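Note sheet for the following structure.
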Amino acid sequence: QVQLVESGGGLVQAGGSLRLSCAASGTIFSINHMGWYRQAPGKQRELVATITSSSTTNYADSVKGRFTISRDNAKDTVYLQMNSLEPEDTAVYYCNAGVYSDRGWTDYWGQGTQVTVSS
């Protein structure tokens, strides 16, 4: 089974920065899209940023200019550089990837990493 493991979350003050990482492991033949989503308490999960296999990126309006998504295909890893963090960014951040494995094409999700921004 394919696993996605996030890391890099933590507690920061408003205006600070964090860099999230998500590494995929298991029986992986190829990875198409990768992305980051977040879920705050009492709210639905929302898209933060996505990146295609050709490195085309897409961002939620709320994070444009502050967050940067990137990927290292050789390491099956996606990153999210978060700058100028705001209290509204507080959420559990989840990694997502479209993976072709021995189970076929499947969307996988990481376990989530907590990001807390204090004012």
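The values are calculated or read from the model by the stated rules, or taken from the named source; none is laboratory data. All of these numbers come straight from a predicted model, not from anything done at the bench. Neighbour counts are summed over all protein chains in view; Cβ atoms, including those assigned to glycine, are modelled from backbone coordinates with ideal geometry. Just the protein is used for accessible areas: all its heavy atoms, side chains included, with ligands, DNA and RNA removed. Shrake-Rupley method; radii C 1.70, N 1.55, O 1.52, S 1.80 Å.
Tabulated data
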| item | result |
| --- | --- |
| Local net charge near Ala40, Cβ-Cβ under 11 Å (Lys/Arg +1, Asp/Glu -1) | 0 |
| Virtual spin-label span in nm between Asp102 and Ser53, 7 Å along Cα→Cβ | 2.1 |
| Computed E for Ala60/Ser84 - FRET, C-beta separation, R0 25 angstrom, nearest 0.05 | 0.95 |
| Taking the chain and dividing mean pair separation by its residue count, relative contact order in percent (alpha carbons under 8 Å, at least six apart) | 36 |
| Cβ charges +1 (Lys, Arg) and -1 (Asp, Glu), total dipole of the chain, debye | 60 |
| Value of relative contact order over region 1-50, rounded to a whole percent, pairs C-alpha under 8 Å and six or more apart | 30 |
| Fully extended contour minus Cα-Cα distance, from Thr27 to Gln1, at 0.36 nm per residue | 8.7 nm |
| Relative contact order %, region 64-109, counting alpha carbon pairs below 8 Å whose residues are six or more apart | 24 |
| GNM top mover of Thr52, Thr68, Thr106 - the chain, alpha-carbon springs below 10 Å | Thr106 |
| DSSP-loop trypsin sites (Lys or Arg not before Pro) across region 24-100, with at most 12 other Cβ within 10 angstrom | Lys43, Lys64 |
| Carbon/sulfur fraction of accessible area - the chain, other protein chains in place, 1.4 Å, % | 45 |
| Chain lengthening between Gln13 and Ala74 when straightened (0.36 nm per residue, less Cα-Cα) | 18.6 nm |
| Debye log10 I(q)/I(0) for region 1-54, one point scatterer per Cα, at q = 0.15, 0.18, 0.22, 0.26 Å⁻¹ | -0.60, -0.82, -1.09, -1.24 |
| Under 13 Å, Cβ to Cβ, from Thr27 - net charge with Lys/Arg +1 and Asp/Glu -1 | -1 |
| Charged-residue dipole, Cβ positions (Lys, Arg, Asp, Glu), region 14-84 about Cα centre, Debye nearest 20 | 160 |
